[in-house]
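The values are calculated or read from the model by the stated rules, or taken from the named source; none is laboratory data. All values reported here derive from a predicted model rather than from experimental measurement. Counting neighbours? That spans all protein chains shown, and the Cβs are built from the backbone with ideal geometry, glycine included. Remember, those area values only see protein heavy atoms, side chains included, never the ligands or the DNA or RNA. Shrake-Rupley method; radii C 1.70, N 1.55, O 1.52, S 1.80 Å.
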Amino acid sequence: MAFWDGLFAGRAAQFESGNSATNSIVLSRRNATVSLNKQGALSGNLRVNLSWRMRTSDIGGRARQSGRLLRPLKLFQPEVVQAHTQGMVNVDLDLGCMYELKDGTKGVVQPLGNLIGDLQGPPYIRLSGDDRFGAPSGETVYVNLDHRDDIKRLLFFVYIYDQTPAFDRTHAKVTLYPGNGPRIEIELDERAPQARSCAVFTVDNTKGELVVRREVKFVYGFQSELDRMYGFGMQWGRGYKTRA
């Protein structure tokens, strides 16, 4: 670890890509937390990316099955495809972040309602855009850790916007890319076919230490239910997206 830390220490943090070592930390039920302080990742922009994909067997049955007769073992290995177009996949996963600042301000950054946030001013969190079709780049939220002292806690969540619940078929993953140190990966791999929302992870600022905790808690409601679970106490109403 020390070798990589020294190798990448001199690079400046970038808004678009962020710098991370080639290794990664996978948060699981057994190993659910990681300290950004101990990883030396307390400056620059923390990039949080949601990516997802579906299998051809989930979309349209066993496509191109005749070609697989030449390779019978492939019948038991559905081909993985990126969900690029609405015609292929009728699922729209969104990434959002509820926040509470040290001054008591609470709010949410999410595609719904065009609540994209602000990176240089409060809440120091910004959504890069809304991916509606599962493109390889996914959706990304940036957190300005240069203002970490202003942040009390964060809850990152994923929800399905106005479509059929399908968390069990989307193979979603959330990846954190700190300005320095290894990336942090969280798979949404638990079966919850009827769930519409998932609390993925929290970031708590406790006496200056930023701790990332894996949650991966699925709920059958939307943001208001996640709010009640984590006690943000905000008011919620029905929201809509503008047409693409």
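Order the peptides 148-156, 24-32 from the highest to the lowest mean number of other Cβ atoms within 10 Å of their residues.
148-156, 24-32
Give me the percent of accessible area attributable to carbon and sulfur for the range 166-236, probe 1.4 angstrom.
The value for the range 166-236 is 42 percent carbon and sulfur by accessible area.
Evaluate E = 1/(1 + (r/R0)^6) for Gln120 and Glu209, where r is the Cβ-Cβ distance and R0 equals 25 Å; express this FRET efficiency to the nearest 0.05.
0.55
Sorting check: for 193-204, 217-228, which peptide has the highest mean count of neighbouring beta carbons within 10 Å, and how do the rest follow?
193-204, 217-228
Just to be sure I understand the model, the point goes 7 Å from the Cα along the line to the Cβ. What's the resulting His147 to Lys106 distance in nm?
Inter-label distance under the simple model: 2.0 nm.
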